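A short write-up of the structure that comes next.
Each value in this text was obtained by applying a stated rule to the coordinates, not by laboratory testing. Keep in mind it's a predicted model, so treat the numbers as computed, not measured. When we count neighbours, we look across all protein chains shown, and the Cβ atoms used for this are built from the backbone with ideal geometry, even at glycine.
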Amino acid sequence: MSRYLFDNAAPEASTRFSVLESSYDPVSRRALAATGLAPGWRCLEIGGGGGSLGDWLGARVGPDGEVTVTDIHPDRALSRRGSANVRVLHHDITRDPLPDAGYDLVHARLVLIHLPERLRVLQRLAGALRPGGVLVLEDFDCNWTPVLAAPDAGAAELFERVHSALLSLLARAGAEPRWGLRTLGAMRGAGLTDVTATTYAEAWTGGGTGVGLHRANISQVASAIGELGVTPDEVSRFLALLDDPAFVVNSYPLISTCGRRPQEGGAS
């Protein structure tokens with residue numbers, strides 16, 4: 001099995017990117033704007049996915065700023081007609097040299113959660129900042145997805161059974177499903193200061209946009225979760241449940257953590 005469970009080259013990736021952009025881009029934009037993001041900033045967007053945040057950053061920093069967007073599968077970001085100040089690179093943060101250093105802002109959403117080398121990568125990203133620069137990491141707590149309403153008790157149990165199998169697959173692939181909870185402490189451990197975090201969650205109703213993330217994820221790993229005892233019938237009933245408006249589940253909480261590289265001489 002690939003280290004990254006959700007291959008961005010798979011057909012389900014388009015749905016995944018669309019849901020993440022619809023559900024979480026407004027949250028990420030607020031977190032990034034709160035850093036003081038301003039015209040002229042140099043920004044690095046790691047794991048840029050479909051490229052929507054890279055384009056937004058490009059508009060915010062203006063023609064005097066620059067944005068570098070990286071991804072191991074950058075085709076979707078490259079297909080966008082972005083601004084001249086936004087460049088997109090094929091790049092693996094675990095092994096390729098960083099494109100540059102001295103960034104005012106480095107951002108990664110739902111990247112480190114998947115990487116066994118997450119602490120080493122965190123150190124690399126912190127080191128890419130200029131003194132006083134800001135690192136923003138956004139990751140899920142995948143374990144806190146309570147069912148808020150269901151057509152019957154069996155439906156809630158089905159969701160929890162299939163979702164638990166997915167989390168087991170993620171862990172086997174080297175992911176840390178609760179990484180969002182540990183990011184603040186890890187950023188402090190990496191020497192960043194003024195570290196803060198906010199958490200966003202909402203209710204996802206069957207048939208709505210948000211639950212499409214569960215559909216894309218389970219559809220992509222349907223054969224693999226069979227190895228954990230989840231039957232094809234259970235997968236079919238799970239996918240049908242996602243279309244039922246009587247079903248409501250808590251979204252994945254997105255924890256946005258922000259820290260600053262100390263100024264030279266130790267001042268924060």
Notebook entry, point to check: Which angle from 0 to 90°, rounded to the nearest 10, does the C-alpha axis of helix 153-172 make with the longest principal axis of the chain?
Noted result: 40
Next item on the list: Pick out which of 64, 25, 55 has the largest mean-square fluctuation in a Gaussian network model of the chain, springs linking Cα atoms closer than 10 Å.
Entry: 64
Notebook entry, point to check: Which order do 147, 111 fall in if you start with the one that has the fewest other Cβ atoms within 10 Å?
Noted result: 147, 111
Notebook entry, point to check: Hey, rough spin-label estimate for residue 157 and residue 15, points 7 angstrom out along Cα→Cβ, what's it come to in nanometres?
Noted result: 2.6
Notebook entry, point to check: Counting DSSP beta bridges with both partners in the chain, what percentage is antiparallel, nearest 5?
Noted result: 45
Notebook entry, point to check: Based only on Cα atoms, what Rg/Rh ratio does segment 35-104 have, Rh being taken as Kirkwood's radius?
Noted result: 0.95
Next item on the list: Go ahead and set up a Gaussian network model of the chain, Cα springs under 10 Å, then flag whichever of 153, 101, 197 fluctuates most.
Entry: 153
Notebook entry, point to check: If the viscosity is 0.890 mPa s and the temperature 25 °C, what translational diffusion coefficient in µm²/s does Stokes-Einstein give for segment 203-252 when Rh comes from Kirkwood over Cα pairs?
Noted result: 221
Notebook entry, point to check: Where does the Debye-calculated log10 I(q)/I(0) of the chain sit at q = 0.08, 0.12, 0.14 Å⁻¹, using only Cα point scatterers of equal weight, no solvent?
Noted result: -0.33, -0.72, -0.96
Check: Nearest 10 degrees, 0 to 90: what angle lies between the long axis of helix 232-241 and the longest principal axis of the chain (Cα atoms)?
Finding: 70
Next item on the list: Among 34, 150, 171, determine the one that fluctuates most according to a GNM of the chain built with springs between C-alpha atoms less than 10 Å apart.
Entry: 34
Check: D for segment 67-127, whole µm²/s, Stokes-Einstein with Kirkwood Rh over alpha-carbon pairs at 25 °C and 0.890 mPa s: what number?
Finding: 195
Notebook entry, point to check: Stokes-Einstein D for segment 24-158 at 10 °C, 1.306 mPa s, Kirkwood Rh over Cα pairs, in µm²/s?
Noted result: 100
Check: How far is helix 179-189 tilted off the main Cα axis of the chain, in degrees rounded to 10, range 0 to 90?
Finding: 20
